[in-house]
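The values are calculated or read from the model by the stated rules, or taken from the named source; none is laboratory data. The model shown is predicted, which means the values in this text are computed figures rather than measured ones. All Cβ positions, even for glycine, are placed from backbone atoms using ideal geometry, and neighbour counts span all protein chains on display. Note: accessible area is taken over every heavy atom of the protein model, side chains too, but ligands, DNA and RNA are not part of it. Shrake-Rupley method; radii C 1.70, N 1.55, O 1.52, S 1.80 Å.
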Amino acid sequence: MKQGMEHKGRVYLKPSTQPPPLRVAVTGAAGQICYSLLKRIAAGEMFGKETPVILQLLEIPNEKVQKALAGVAMELEDCAFPLLEEVHCTSQPEEAFKDAEWCLLVGSKPRGPGMERADLLKDNGHIFVTQGRAIDAVAAENCRIVVVGNPCNTNCMIAAAQARRLPPERFTAMVRLDQNRAASQLAKKACVPVDVIEQLAIFGNHSPSQFPDFSNATIFGIPVPEVIEDVAWLEETFIETVRKRGADIIAARGVSSALSAANAIIDHVKSLCTPGKTIHSMAVRSSGEYGFGEGLWAGMPVRTTAPGTYEIVTNFHHDAFAKSKLLITQEELESEREMVKDFISLN
Ligand code: NAX
């Protein structure tokens, strides 16, 4: 006999072992990444096949966009996902983030024609100030925040700067798509399956300045430079391919990566939920590791120590070539911080 559960005035028959639903807030929910992402969360691919979810979807207060969001919600309903308990659509950050245990900040303002990077940073700065404050005010005590909307490192730094209740380590930004792209390129070159590539870190900014660190990566436990002896390919072709992959996809598809970005968000969260020895890449708050200025959010190797908690892996060694690449991305992150300094010193 199953146990009856009352929820919103309706009685459900559920196995008594099922955990309570997880509230997941997702912004930019009518956008193209979310069109690939939401169905996978609802199908249990992010939090497991035993965890019911409530999706709290945020979009801008624009009639057309809200209508599109309602359409997405209808489609989710039509999938009849057993784990999807509820979909709540809103234009109010305080509603979207209320009691959320995960906030996936995918929405941001895209760069318009002729727009300077500084303007893009500032426009998005306003969004992430608002959202960071709302999250700090109403999200669950154990909330984790993942920033995807670009420029994601700096947006994450801005959101975290608003928080007084939630510690900055709860805020991470996504470089997992870059890690996955890098792993696929190395696997293809070495003619090996992608899952034998380990210790692959993306250092720095999620931008063309990033350093996909082949030098510490391994293939079957052997350092990549010992397996792939083509130094020119590693130092030039590989790095450039990973850095420019997003632009190549826009050139080919006419729109930016969505399917692979959604997949990377799933990977980011799953890795962050899974303690173990595996090293993965996230943009996290620097305390000075690898030369990144304290308080910057930089892509680095991390290891998950408990569900939702990580430690930065600090024993990667870098030669002069790697150090020169790290310096470029460090400087770019510092320059972004300078451009948004008004947003991080608001409190
Ligand atoms: P879309 O333009 O398709 O969707 C973005 C959605 O965000 C829009 O529906 C928009 O209305 C909404 N939005 C804007 N401001 C908002 C706000 N204040 N609150 C709630 N929603 C808001 O973009 P999409 O392709 O889905 O990409 C989303 C973001 O991901 C972009 O900033 C993009 O640059 C970034 N990406 C980041 C990646 C990463 O690795 N970190 C990779 C993929 C992607 O490029």
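Values for this structure:
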item: Output for the range 188-207, where each listed residue is within 16 Å of GLU235 (Cα to Cα), open to solvent by less than 10 Å² (accessible area, probe 1.4 Å) and outside any strand (DSSP E or B); result: LEU200
item: Scope the range 56-71; condition hydrophobic (A, V, I, L, M, F, W, C) and more than 10 Å from the ligand (Cβ to nearest atom); matching residues; result: ALA70
item: The listed residue being within 12 Å of the ligand (Cβ to nearest atom), open to solvent by less than 30 Å² (accessible area, probe 1.4 Å) and at pLDDT 95 or above, out of CYS156, CYS143, CYS89; result: CYS156
item: Residue check for ASN153: in the same structural domain as VAL24 (by TED's automatic domain parsing) and either under 21 Å from ILE279 (Cβ atoms) or outside any helix (DSSP H, G or I) (or both); result: yes
item: Positions within the range 50-64 being among the β-branched types (Val, Ile, Thr) and either in a loop (DSSP other than H, G, I, E, B) or exposed (fewer than 15 other Cβ atoms within 10 Å of the Cβ) (or both), in sequence order; result: THR51, ILE60
item: Set GLY28, GLY112, GLY4: member being at pLDDT below 95 and open to solvent by less than 30 Å² (accessible area, probe 1.4 Å); result: GLY112
item: Hey, GLY44 modelled with pLDDT of 95 or more, within 31 Å of the chain's Cα centre (by Cα) and within 20 Å of PRO307 (Cα to Cα) or not; result: yes
item: Exclusive hit being open to solvent by 10 Å² or more (accessible area, probe 1.4 Å), of a type outside the set (S, T, N, Q) and under 16 Å from ALA217 (Cα atoms), set ARG181, ARG170, ARG164; result: ARG181
